[in-house]
Amino acid sequence: MISYYDYQIIENEHLYGPGKRLLLFLQGCSLHCEGCVNKHLWEFKKTKLIGTNEILDICERENVDGITLHGGEPLDQAKDLLEVIKTLKEKKYTVILFTGYNKKEIKSYALAVWKLADIIISGRFIFSKQNFYLQFRGSTNQRVITHKGKYKNYKVKDGKTVSILSIDSSGNLNIKGFYSKDIKEITHFK
């Protein structure tokens with residue numbers, strides 16, 4: 001079982017990958033990057049759990065192209081993720097992995113997850129290298145890595161900034177993406 005915070009069905013290639021995707025925000029992060037916009041996902045808690053069959057059911061029901069694993073830090077749950085990813089890959093779904101780790105830092109289950117992902121966004125967010133105009137990435141040190149498969153020739157499309165603003169049923173403003181100066185001004189985000 002994987003500990004998660006939230007999931008959504010989303011189509012936004014600039015932020016989360018090509019096609020219609022199950023975007024899964026995992027709970028727990030051991031890296032704690034300065035300036036992280038997902039600090040609420042740092043704490044390791046198991047209040048919401050999801051398993052392979054439930055994830056597969058969502059993917060089939062929503063007719064998605066694949067899953068995007070975001071965080072928190074997905075590789076902090078690599079052992080549990082490996083089963084999920086193997087099953088999704090067998091069913092021909094694509095996997096996009098956002099991780100603060102670099103390949104040389106990981107081993108075992110985390111390395112196995114890395115090798116199965118179609119696209120990997122790798123490297124810690126570094127506040128002093130922040131750039132709102134990068135696809136998938138928040139800072140210039142982060143890399144986009146593609147593997148063999150559907151996205152092996154995928155070309156990164158830098159040059160624009162994207163944020164998704166929505167209001168939930170309780171009237172709370174939710175922001176996905178990067179908090180650029182414009183977003184901070186219109187939302188009064190500090």
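Values in this text are rule-based calculations from the coordinates and carry no lab data. Here the structure is a predicted model, which means the values were calculated and not measured. Using ideal geometry, Cβ is built from the backbone for each residue, glycine included, and neighbour counts are taken over all protein chains shown.
Observations on the model:
- Sum of -39500 (n - 2.57) over DSSP H runs of 4+, divided by residues of the chain (222 nm, nearest 500): -6500 deg cm²/dmol
- Principal semi-axes of the equivalent ellipsoid, √(5λ) from the alpha carbon gyration tensor of the chain, are 24, 19, 17 Å from largest down.
- By other beta-carbon atoms within 10 Å, ranking 161, 68, 94, 140 with the fewest at the front produces 140, 161, 94, 68.
- Taking trypsin sites (Lys or Arg not before Pro) across segment 54-93, the ones in a DSSP loop with at most 12 further Cβ atoms lying within 10 angstrom of their Cβ are 91, 92.
- Leading residue at positive end of dipole, the chain (Cβ point charges), from 42, 75, 63: 75
- DSSP beta bridges confined to the chain are antiparallel in about 60 percent of cases.
- Per-residue Cβ neighbour counts within 10 Å put 158, 76 in the sequence 158, 76, beginning with the fewest.
- Square roots of five times the Cα gyration tensor eigenvalues for segment 56-161, Å: 23, 17, 12
- Euclidean distance between Cα centres, segment 19-45 to segment 73-149, Å: 13 Å
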